[in-house]
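J.: I have a structure here, written as structure tokens, and I will follow up with some questions on it.
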Amino acid sequence: MFEYTKNNHFKFGYNDLNHYQPRENANDRFSFEYGCVEQPQLTWRQSNELAALDIFSKRSGDITILLSGGTDSEICLRSFLDQKLPVKTISLRYLDLNQDSELFYIHKLKADYSLDHTFVDLAVKDFTLSDDFFKIADPIKCVSPIIVSHLWLANQVPGTPIIAQGELHLKKRIPADYIPGKSPYLKSPWSVFESERLCSIYTNFMLRKKPAIPGFFQYLPEQIYSYLTKNPYLTQLVTNSIPGKLGTRTSKNIMSHQFYPEIPIRNKLHGWESEQDFHDHTRALLAQRFPDSDQSAAVEYDEIIQRCVNIK
């Protein structure tokens, strides 16, 4: 199997075994694990650059980064360019959605970095009703129309496409009756979450036996470890030093900016903002089609750190 992460260290599956195997029934419990770091001293930025070098050394054909115009894809791109590694970039351009804000940043990145860039047009509303849409969604039981659209693009890319996802998402354990802004902000553990939905990206390439990097920020254990341990803002979060914060999603730009201060902070966009009702309707239909395939798994922060250091 192609190394979708280095030594395929990132494993996911069901019931703490059967890695990379499909769900067999609704009772299967989604689970994941990361490998052990070899260079714990690296910063997140250094780890991303090390990942780029390793990916480049093992590439199959040209490397093509799916460029969204967001911070994540720019960090992924910079990780290669800062090491003077040649890459191509490609972006979806939705013909029937207003994505002016997202396209602005893609055009800016294209000009700033003199990119060898390609736009591919997609009439997304027609696509979500087509056989092509379900030929991608059905085998991987993907409940996200946005992911299916990007996989449609990635599956056409020759060589090794890279998707700039896999950044860590953490949430704080809270009581069921917690009311934001009213309940006391109690000290409690934080956990790292992975989702069946995002892992369907890996499954897509595995089933097709296609070289790819489905989650750039998961490629090395060092990227996981350095993000968790050398991230000043995250340290404040997991020590419950910022009252009111329950998760990392709204703090992602702040944390990235600590490592990449030269990259401007901007809102995360997915290109479907102007048709949110259409997105929600399509996602609901996929959730009905795959009712048992949108689980998440959580491992406490301290346990993840211990595993990254000790697992061989």
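J.: Within the range 226-254, track down each residue that is crowded, with 16+ Cβ neighbours inside 10 Å and of a type in the set (K, R).
T.: Listed by number, the residues that qualify are K230, K245, K252.
J.: Could you list all residues from the range 250-266 that are touching a residue at least 40 places away in the same chain (Cβ under 8 Å) and part of a loop (DSSP other than H, G, I, E, B)?
T.: Within the range 250-266, Y260, I263, I265, R266 meet the criteria.
J.: A further question follows. Which residue is farthest from T160 (Cα to Cα), if the candidates are limited to the range 21-35 and must be modelled with pLDDT of 90 or more and surrounded by 15 or more Cβ atoms within 10 Å (Cβ to Cβ)?
T.: The residue in question is D28.
J.: Got a sec? Which strands (runs of 3 or more DSSP E) wholly within the range 109-218 have at least 1 residues that are among the aromatic types (F, W, Y) and more than 19 Å from R283 (Cβ to Cβ)?
T.: Filter on the range 109-218 gives 117-122, 190-195.
J.: Any idea which of P184, P243 is in contact with a Phe, Trp or Tyr (Cβ under 7 Å, 6 or more places away or on another chain), of a type outside the set (G, A, S) and without any contact (Cβ under 8 Å) to a residue 60 or more places away in the chain?
T.: From the options P184, P243, the qualifying one is P243.
J.: Here is a list of conditions, (1) free of Cβ contacts under 8 Å to residues at least 40 places away in the same chain; (2) within 29 Å of P232 (Cβ to Cβ), and Y14 meets all of them except one; can you say which number that is?
T.: Unmet for Y14, out of (1) free of Cβ contacts under 8 Å to residues at least 40 places away in the same chain; (2) within 29 Å of P232 (Cβ to Cβ): (2).
J.: Specify the residue that is surrounded by the fewest Cβ atoms within 10 Å (Cβ to Cβ); the eligible residues are those in the range 288-301 that are modelled with pLDDT of 95 or more and out of contact with any helix residue (DSSP H, G or I) (no Cβ under 9 Å at 6 or more places or on another chain).
T.: Across the range 288-301, the extreme among qualifying residues is Q288.
J.: Is it the case, given these coordinates, that F80 is closer than 23 Å to V120 by Cα, over 17 Å from the mean Cα position of the chain (by Cα) and assigned to a helix (DSSP H, G or I)?
T.: yes
The values are calculated or read from the model by the stated rules, or taken from the named source; none is laboratory data. Every value quoted in this text rests on a predicted model; they were computed, and no experiment measured them. Neighbour counts are summed over all protein chains in view; Cβ atoms, including those assigned to glycine, are modelled from backbone coordinates with ideal geometry.
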